[in-house]
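The values are calculated or read from the model by the stated rules, or taken from the named source; none is laboratory data. The structure presented is a predicted model; accordingly, all values stated were derived computationally and were not measured. Glycine also receives a Cβ, built like all others from the backbone with ideal geometry; neighbour counts cover every protein chain displayed.
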Amino acid sequence: MAALDFRLTGIAAGKTLPEQLRAERRKRSMSLRDAAEKTGLSPTTIASLERGGGSVASLLRLLAVIAPAARRRAPERSYWGQGDKEDRDSRFTPSDFMAGIYAAFGEIDLDPCGHLLSPVIAHRRILLSEGGDGLVDEWSGKFAFVNPPYSQLLRWLRRAHDQWCAGKVETVVCLVPVRTDSAWFHETLSADADIYLLRGRVRFLDTQGRGQHTPFSLMILTLGATCQQKNRYAELVPGLWLARSVRAVSGDQGHRSLTPAE
C-alpha cells in the first residue's frame, strides 16, 4: 500500500493516508483490538496499515468500519492542502501569468507580500520570508500587485483597500479566489473595485518549483485601474470584466448587482 500516495476526504485530517487512518481510529476512541474485532482484521494488520503497509483489500475493510463515507481527494485539492499553513501560503504566481499583468498595468512598484522564490518582478518587495509584513509596513508607489496568503485573504484585501483609499498607491491589482460572501466585500469593496473573472485555472508554483492548478476559481480585483488598462488586460487574458457594483435605484436598497463591463 505504500505505493498508493494519496489522501482521503470524509476522514480525519493527516498529511498522509496512514496518518489519516490512525487519527480516525483514535477519534472514534477505538483501540487496535477494537478495530480488529469490528473489521475481522488482526491488530497487526491494522497497525501495518497505519504505518503505510498492508494490502488494498485490508484497507477497504478498515475504511468500511472507521470511515464508510471516505473517498479519494481530487489530486489538485490534495496537493493544495499539503503541509503546514506557511507551506500552503507559499504558492507563487508563475511568470507566464505575470506577463499579462506587466503588459496591461506596467511595471510593479510594490509587492507587499513578496517572497525570495517568487517570480514576481517588483521595484520593492516586502518579504514575508524575511520577517517583512505588508499588513503593517507602509505601502508606496504607483502600482502594487498583491497575491496574498490565502489563509488571511480578507485581512489582505482590507489592507489593500485601506492603503489605496489613503493614497499610498494609485493602482492595486489583487489575484484572489472568487470568494465574495463577506458583508465587507459587498458593502465596501464592491463599490470601489473592478473584478475580472479569469477563465480556466492558474498553475501556481510551490517552493520546489512544482506547478499545480488551483482547485478553485480565481479573479483579478483592481482598485484605481484605468479603462485602457482593463481593456488591454482583457485582450491578453481570457475572462470577463464585471462593472463596479452600484446601488439599485429601485427595489431592495440592500441589493447590489454586477453587470458586464463595457
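Applying a threshold of 9 Å to beta carbon distances and a minimum spacing of six or more residues, or different chains, the list of pairs starting in region 106-121 at a residue that is assigned by TED's automatic domain parsing to the domain that holds Leu157 and over 11 Å from Ser90 (Cα atoms) and ending at one that is of a type in the set (Phe, Trp, Tyr) and at pLDDT below 90 reads Pro119/Phe92; Val120/Phe92. Annotation: of all residues in region 92-118 being farther than 25 Å from Leu135 by Cβ and hydrophobic (A, V, I, L, M, F, W, C), the one that is surrounded by the most Cβ atoms within 10 Å (Cβ to Cβ) is Ala104. All conditions but one from (1) under 30 Å from the mean Cα position of the chain (by Cα); (2) at pLDDT 90 or above apply to Ala13; the one that does not is (2).
Applying the criterion of at least 3 residues that are under 29 Å from Gln212 (Cβ atoms) to the helices (runs of 4 or more DSSP H) found wholly in region 9-78 leaves 17-27, 56-66. Here region 136-154 is the region considered, the condition is being surrounded by fewer than 16 Cβ atoms within 10 Å (Cβ to Cβ) and more than 14 Å from the chain's Cα centre (by Cα), and the residue that is nearest to Leu198 (Cα to Cα) is Lys142. Do we find that Pro148 is assigned to a strand (DSSP E or B) and not charged (D, E, K, R) in this structure? When the stated conditions are applied, Pro148 does not pass them. Within the set Glu187, Glu170, Glu130, the sole residue that is of a type in the set (Asp, Glu) and free of Cβ contacts under 8 Å to residues at least 12 places away in the same chain turns out to be Glu187. Scanning region 215-230 for residues that are buried (at least 19 other Cβ atoms within 10 Å of the Cβ) and within 11 Å of the chain's Cα centre (by Cα) turns up just one, Leu218.
Quickly run through region 172-214 and pick out the residues that are within 12 Å of the chain's Cα centre (by Cα), modelled with pLDDT of 80 or more and surrounded by fewer than 17 Cβ atoms within 10 Å (Cβ to Cβ). Matches in region 172-214: Pro177, Val178, Arg179, Arg201, Arg203. The set of residues in region 103-117 that are under 23 Å from Gly224 (Cβ atoms) and touching a Phe, Trp or Tyr at 6+ places or on another chain (Cβ under 9 Å) comprises Ala103, Ala104, Phe105, Gly106, Glu107, Ile108, Asp109, Leu110, Asp111, Pro112, Cys113.
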